[in-house]
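Following: one structure in structure tokens, then a few remarks.
Just so you know, all these numbers are worked out from the coordinates, no wet-lab data involved. Because the structure is predicted, anything quoted here is derived from the model rather than measured. Cβ: placed from backbone, ideal geometry, glycine included. Neighbour counts: every protein chain shown.
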Amino acid sequence: MVPAVARVTNATVESRGRLLCSQRMDPHNPNDRIVPFSSKLAFGVGQFAEGLKNTGFGLFILFYYNQVLEMPGALAGAALFIALLFDAVTDPLAGSLSDKWQSRLGRRHPFMYASALPLALAFVGLFSPPEGLGQWGLFLWLTAFATLTRGAMTLYHVPHLALGAELTQNYNERNRVVAYRQFFATAGSATVIAVGFGYFFSDDMGGRLAIENYTPFAIVLAVLMAVTIWYSAAGTQKEVPFLSEPPPRPARNAFLVLGSDFLAAFGNRSFAWMISGVLVIYIMSGVHAALDIYMYQYFWELDGGQMMRVNLAPIAGLLVGVFVAAPLLPRIGKRAGVILAVASVATCTILPVVCRLLDAFPENGTGALFYALVGFKFVQGLTMQQAFIAAGSMLADVADEHELDTGTRQEGIFFGAISFSGKATSGVGTLIGGIGLDIIDWPTGAEIVSATDIPAGTLVDLGVLYGPVVAGCAVITIWCLSHYNLDRERHAEILGKLAERRRAGARPGALDTAAGSGS
């Protein structure tokens with residue numbers, strides 16, 4: 001029985017053949033191709049939604065529930081951690097399901113279309129708890145809507161990431177595809193900062209402690225999420241004939257299949273080292289995202305306009321980094337790009353805080369302080385973009401290695417696992433940040449408006465938690481990534497063997513059963 005999935009017509013085969021010939025690509029490897037601009041654009045725009053959600057979630061959610069609603073930091077962190085545990089199952093499950101989904105729309109797009117409205121509604125609910133709930137009522141509300149928000153984003157984001165890996169197997173074109181994705185992720189983050197600090201939480205609107213502004217803020221972001229998700233799905237629909245077809249749907253239970261797929265994914269040495277390093281650095285980033293607004297408001301004593309501009313500095317760096325990455329990564333390699341970024345981010349995080357604690361940094365309220373923070377943040381964004389682009393491309397390379405080893409294309413399970421790691425930024429990281437605030441006895445309430453309301457020792461503890469303690473995670477990340485060895489030469493060897501397999505029409509595994517031994 002032929003699966004109900006879009007098939008390549010004769011006309012499509014002929015046009016694809018002409019395209020491959022014109023680009024001097026191997027006709028036996030039809031995915032070694034240049035992706036049309038319109039498809040790269042639509043795919044990239046889809047990441048705008050995740051940029052909105054992650055930045056809105058990571059930057060404001062702990063501050064809103066802890067500082068504004070006066071919920072204990074550890075309790076708020078625990079609620080967000082429970083939602084993260086839910087993701088531990090749903091992220092790889094969404095990847096595994098979309099790997100094997102069969103429909104006339106393809107295997108990724110049905111999930112993308114279906115996610116937009118639930119995500120928008122859940123995100124608005126997250127920032128709109130009813131009055132009078134009390135601490136435990138707020139805990140249940142936050143747990144429920146954080147879980148729903150994460151689940152709806154998973155339904156979209158994991159298939160969307162897997163789609164990007166399927167668009168092409170060309171080593172350098174993958175960098176460009178990921179660059180489009182990262183550009184719009186950055187644009188989404190910039191939009192949250194501009195809309196948040198520039199309008200809803202500006203000093204003229206009552207600042208960050210104005211409770212009445214959080215729901216309208218969430219509504220604006222929710223509408224933008226839904227629109228960009230639908231555009232991305234519709235704009236990449238024409239690429240379905242070029243994508244890998246799903247394997248036959250297994251008769252086993254979906255959770256048994258998930259377990260099998262998950263074990264197979266972690267059996268790949270390149271992936272195991274990569275995700276270990278990514279998980280650690282994402283947890284570090286999660287703590288920083290949760291504590292950023294505390295640092296701006298109380299440690300550095302910035303006003304609303306300065307907060308907006310300091311937050312936009314890494315966004316500007318990320319945007320410039322998109323164009324720097326294209327010529328840089330082919331020269332230094334993908335792994336080196338990630339390691340360079342991790343070291344840079346850790347250094348730019350530690351130095352300002354340590355220098356302040358040693359009285360060797362500009363005083364609060366001075367222009368020198370503001371420009372110094374802008375400079376450090378810009379460098380962070382500039383170098384971090386190399387990591388984002390390189391890591392996304394590296395993961396697609398891992399999927400090729402996995403296909404050679406197993407005979408099955410399963411981008412979804414890899415991107416599901418990496419998506420779960422990414423969400424640790426607002427899960428485990430927020431939990432650590434919330435517990436840290438309680439440990440240092442951080443005062444809460446709308447009346448705590450400046451550093452003068454905070455004990456001096458508590459401010460020092462906040463700086464130590466934000467800077468040297470958390471940034472130490474970077475050392476572990478660099479060590480893990482140093483063990484990843486899927487470079488350009490190894491990837492070219494993999495693609496050559498896959499092409500040979502297709503030419504020979506051999507069954508998976510028939511050619512060079514030791515093909516994956518070098519990984």
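So how strong a dipole does segment 260-371 carry about its Cα centre when Lys and Arg Cβ are +1 and Asp and Glu Cβ are -1, to the nearest 20 debye?
Numbers: 6 positive and 6 negative charges, 125 e Å.
The calculated dipole for segment 260-371 is roughly 600 debye.
By how many nm would the segment from A272 to L121 grow when fully extended, if each residue of separation counts as 0.36 nm and the alpha-carbon distance is taken off? Could the numbers behind the result be given before it?
Working: separation 151, 0.36 × 151 = 54.36 nm, distance 3.53 nm.
Taking 0.36 nm per residue and subtracting the Cα distance, the gain is 50.8 nm.
Any chance you could run the full-extension gain for R488 through I34? It's 0.36 nm times the residue separation minus the Cα-Cα distance, nm to one decimal. Please list the in-between numbers first.
Values: separation 454, 0.36 × 454 = 163.44 nm, distance 1.79 nm.
Length gained, R488 through I34: 161.7 nm.
Would you work out the relative contact order for segment 88-215, in percent, from Cα pairs under 8 angstrom that are 6 or more residues apart? Please list the in-between numbers first.
Working: 88 pairs, mean separation 34.6, N = 128.
Once normalised by length, the contact order is 27 percent.
Nearest 0.05, what FRET efficiency do V89 and A368 give at R0 = 56 Å with Cβ-Cβ as r? Kindly include the intermediate steps, with their values, before the conclusion.
Values: r = 49 Å, r/R0 = 0.87.
Efficiency, rounded to the nearest 0.05: 0.70.
How far apart, in nm, are the 7 Å Cα→Cβ label points at A446 and R331?
Here the answer is 5.4 nm between the modelled labels.
Label segment 312-360 by shape, choosing from rounded, prolate and oblate, from the square roots a ≥ b ≥ c of the eigenvalues of the Cα gyration tensor; if a/c is under 1.5 it is rounded, and otherwise prolate applies when a/b is larger than b/c, oblate when it is not.
Oblate is the answer for segment 312-360, as a/c is 1.5 or above yet b/c matches or exceeds a/b.
By a straight-distance test (C-alpha under 19 Å), which aspartates and glutamates pair with K40 as possible cross-link partners, with residues fewer than eight away in the same chain excluded?
Those aspartates and glutamates meeting the cut-off are D32, E50, E166, E173, E239, D397, E411.
For A456 and Y199 in one chain, what is 0.36 nm times their gap in residues minus the Cα-Cα distance, to one decimal in nm?
On the way: separation 257, 0.36 × 257 = 92.52 nm, distance 3.08 nm.
So the chain would gain 89.4 nm between A456 and Y199.
Among the listed pairs K53/K100; K334/K377; K100/K238, which have their C-alpha atoms separated by more than 25 angstrom in this model?
Working: K53/K100 27 Å; K334/K377 23 Å; K100/K238 19 Å.
Those over the limit are K53/K100.
Just add up the charged neighbours of L459: K/R +1, D/E -1, any other residue whose Cβ is under 13 Å from the Cβ of L459. Show your work: numbers first, answer last.
Values: positive: R356; negative: E301, D441, D453, D461.
That works out to -3.
Distance from the Cα centre of segment 125-147 to that of segment 162-201, in angstrom?
Using only Cα atoms to place each centre, the spacing works out to 30 Å.
Rounded, prolate or oblate for segment 121-254? Axes are the square roots of the Cα gyration tensor eigenvalues, ordered a ≥ b ≥ c, and the cut-off for rounded is a/c under 1.5. Numbers along the way, then the final one.
Numbers: a/c = 3.25, a/b = 1.63, b/c = 2.00.
Cα axes put segment 121-254 in the oblate bin.
What is the calculated FRET efficiency for S103 to V469, with r their C-beta to C-beta distance and R₀ = 56 Å, to the nearest 0.05? Could you put the intermediate results ahead of the total?
Values: r = 48 Å, r/R0 = 0.86.
That gives a FRET efficiency of 0.70.
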